[in-house]
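Student: Supplied in structure tokens, the structure appears directly below.
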Amino acid sequence: MLKESKNRYFGAYGGRFIPEVLYPAFEELDAAWKKYKEDAAFHEELQRLNSSYIGRPTPLYYAENLSRHLGRAKIYFKLESLAHTGAHKINNALGQALLAKKMGKTRLIAETGAGQHGLATAAAAAKTGLECEIFMGEIDMARQQPNVFAMRLLGARVTAVSEGTRTLTDAVNAALKNWTKRIADTHYLLGSALGPHPYPDMVREFQSVIGRETKQQIWEAEGRLPDVCIACVGGGSNAIGLFSAFLDDEVELVGVEAGGHGPDSGQHAIRMSGIAKTGIVQAYKSFFLQDENGSLLPTHSVSAGLDYAGIGPQLAYLAETGRVRFTYATDEEALKAVELTARKEGIIPALESAHALAEVIKRASSLSQDALLVVNISGRGEKDLFITAPEFEKENWMNFLRAEYERLAKDGK
């Protein structure tokens, strides 16, 4: 039996639709969040670690070469890729790990797709002295081996999820199921701004540092706000983190979804700019890719972090009200954006972030010369080595893997 709570909605979206067994855990989490989000000492500790451990503030970088190449507008990168562990995910992971410690928890669990949230959670667990288990779909583990290795090196147990599509959606289900068995000592460190209340609110608040810094930095650099802010959108934490500071300003906000092989292919994760329908999935109400029976449709993206079938409830509401506009970029467009950004700026973005960059490239010709764009580079591209290397240098990559296998076999390792 599910228990539903009306105490946190974004318009019609959000809520908390949970099994009875999880109700005490959510009541405990809700009470702790209400207490510590107003606690000065908690925020002082988080701010100290943001600076000394994460490396905040991250730079707002003028991409001069790319701006000149595209011939229109001034393009700025918010380089969350330079945060510790290589992505924005550490902002939320560290915040929730500190909260878990305050609650007396000794164990963290998390789901991950691209691996960056899992890596951030493993790092935060190591930093705060907590046990850690990460649930990851088998397909995502195969294409994100560098992050799997790093999580294990940091002391986390990485559990493969073989059910369903073996990607992020199923990893979330596995983590929730595990939580029901160890509520007393475990905190579920949800990685995106979705799920049942209070997660969408909590994750947005921990990620809102992105938008606050960006707003101050663009004023210092240009003396005015940007015309457009662009971010990729899977569940939506990097996007709402950037957008939150600009919701009351005259700034266009654009979320870019995973277009996969195109909208007519059936292999994509286009929700808000596609065929998603409202539903209640994984304990919250939002838009999801579903069939006529309400079952989740399979998704696809070259980026492991954008192939989620749903979207965070606040972003669903902002789409419905027209405050955030959604579009998509295909796998091919994202890969081209990776290559162009690497060649022009010496920056290799994560494949997720490359979707946002693809939108910049597409709209460049229609922009005015004095337009200001901010793109959230939510992660760096080293994690995508096993995806991008075969795309860009297949023969060399295959030769390297073959030679490395033969060397290890010869050495008996």
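Student: From the list ARG68, ARG107, ARG72, pick out the single residue that is touching a helix residue (DSSP H, G or I) at 6+ places or on another chain (Cβ under 8 Å) and surrounded by fewer than 22 Cβ atoms within 10 Å (Cβ to Cβ).
Tutor: Answer to the check: ARG72.
Here's the yes/no breakdown for (1) in contact with a Lys or Arg (Cβ under 7 Å, 6 or more places away or on another chain); (2) of a type outside the set (Gly, Ala, Ser); (3) touching a residue at least 60 places away in the same chain (Cβ under 8 Å):
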{"position": "TRP179", "(1), (2), (3)": "no, yes, yes"}
{"position": "PHE206", "(1), (2), (3)": "no, yes, yes"}
{"position": "ILE210", "(1), (2), (3)": "yes, yes, yes"}
{"position": "GLY223", "(1), (2), (3)": "no, no, no"}
{"position": "PRO226", "(1), (2), (3)": "no, yes, yes"}
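Student: From the list ALA114, ALA120, ALA93, which one is part of a loop (DSSP other than H, G, I, E, B), crowded, with 19+ Cβ neighbours inside 10 Å and under 16 Å from the mean Cα position of the chain (by Cα)?
Tutor: Criteria check complete, one pass: ALA114.
Student: For TYR9, are the conditions met, namely being surrounded by fewer than 22 Cβ atoms within 10 Å (Cβ to Cβ), in contact with a His (Cβ under 9 Å, 6 or more places away or on another chain) and in the same structural domain as PRO196 (by TED's automatic domain parsing)?
Tutor: It is false that TYR9 is surrounded by fewer than 22 Cβ atoms within 10 Å (Cβ to Cβ), in contact with a His (Cβ under 9 Å, 6 or more places away or on another chain) and in the same structural domain as PRO196 (by TED's automatic domain parsing).
Student: What number of residues in the range 244-295 are in contact (Cβ under 8 Å) with a residue 60 or more places away in the chain and among the small types (Gly, Ala, Ser)?
Tutor: 7
Student: Say we look at the range 209-235 and pick out the residues that are within 21 Å of ALA97 (Cβ to Cβ) and touching a Gly at 6+ places or on another chain (Cβ under 6 Å); which of these is modelled with the lowest pLDDT?
Tutor: GLY235
Student: Looking at the range 314-340, which of its residues are out of contact with any helix residue (DSSP H, G or I) (no Cβ under 6 Å at 6 or more places or on another chain) and over 30 Å from PRO198 (Cα atoms)?
Tutor: THR330, ASP331, GLU332, LYS336, GLU339, LEU340
Student: Need pairs with beta-carbon distance below 7 Å; first residue under 8 Å from LEU168 (Cα atoms) and within the range 103-116, second modelled with pLDDT of 95 or more and among the β-branched types (Val, Ile, Thr); sequence gap 6+ or separate chains.
Tutor: Pairs found: THR112/ILE134.
Student: Kindly establish whether THR180 is among the hydroxyl-bearing types (Ser, Thr, Tyr) and buried (at least 24 other Cβ atoms within 10 Å of the Cβ).
Tutor: no
Student: So, in the range 30-65, of the ones that are assigned to a loop (DSSP other than H, G, I, E, B) and of a type outside the set (A, V, I, L, M, F, W, C), which residue ends up surrounded by the most Cβ atoms within 10 Å (Cβ to Cβ)?
Tutor: The selected residue is THR58.
Student: Quick test of your reading of the structure: ALA142 fulfils all but one of (1) surrounded by 24 or more Cβ atoms within 10 Å (Cβ to Cβ); (2) modelled with pLDDT under 95. Name the failing condition by number.
Tutor: It fails just one condition, (1).
Student: Quick check, is THR330 over 16 Å from ALA304 (Cα atoms), of a type in the set (S, T, N, Q) and surrounded by 19 or more Cβ atoms within 10 Å (Cβ to Cβ)?
Tutor: No; evaluated as a whole, the condition is false for this residue.
Student: As an exercise: evaluate LEU242 against (1) assigned by TED's automatic domain parsing to the domain that holds GLY129; (2) touching a Cys at 6+ places or on another chain (Cβ under 8 Å) and give the number of the one condition it does not meet.
Tutor: Result: LEU242 passes all but (1).
Student: Looking only at residues that are part of a helix (DSSP H, G or I), among the acidic types (Asp, Glu) and under 33 Å from the mean Cα position of the chain (by Cα) in the range 387-413, which one is farthest from LEU351 (Cα to Cα)?
Tutor: Per the stated criteria, the residue is GLU404.
Student: While we're on this one: Run down ASN173, ASN147 and say which single residue is of a type outside the set (Val, Ile, Thr), at pLDDT below 95 and surrounded by fewer than 20 Cβ atoms within 10 Å (Cβ to Cβ).
Tutor: That would be ASN173, the only listed residue that is of a type outside the set (Val, Ile, Thr), at pLDDT below 95 and surrounded by fewer than 20 Cβ atoms within 10 Å (Cβ to Cβ).
The values are calculated or read from the model by the stated rules, or taken from the named source; none is laboratory data. Values in this document were obtained by computation on a predicted structure and should not be read as measured data. In this analysis, Cβ positions are derived from the backbone assuming ideal geometry, glycine residues included, and neighbour counts consider all displayed protein chains.
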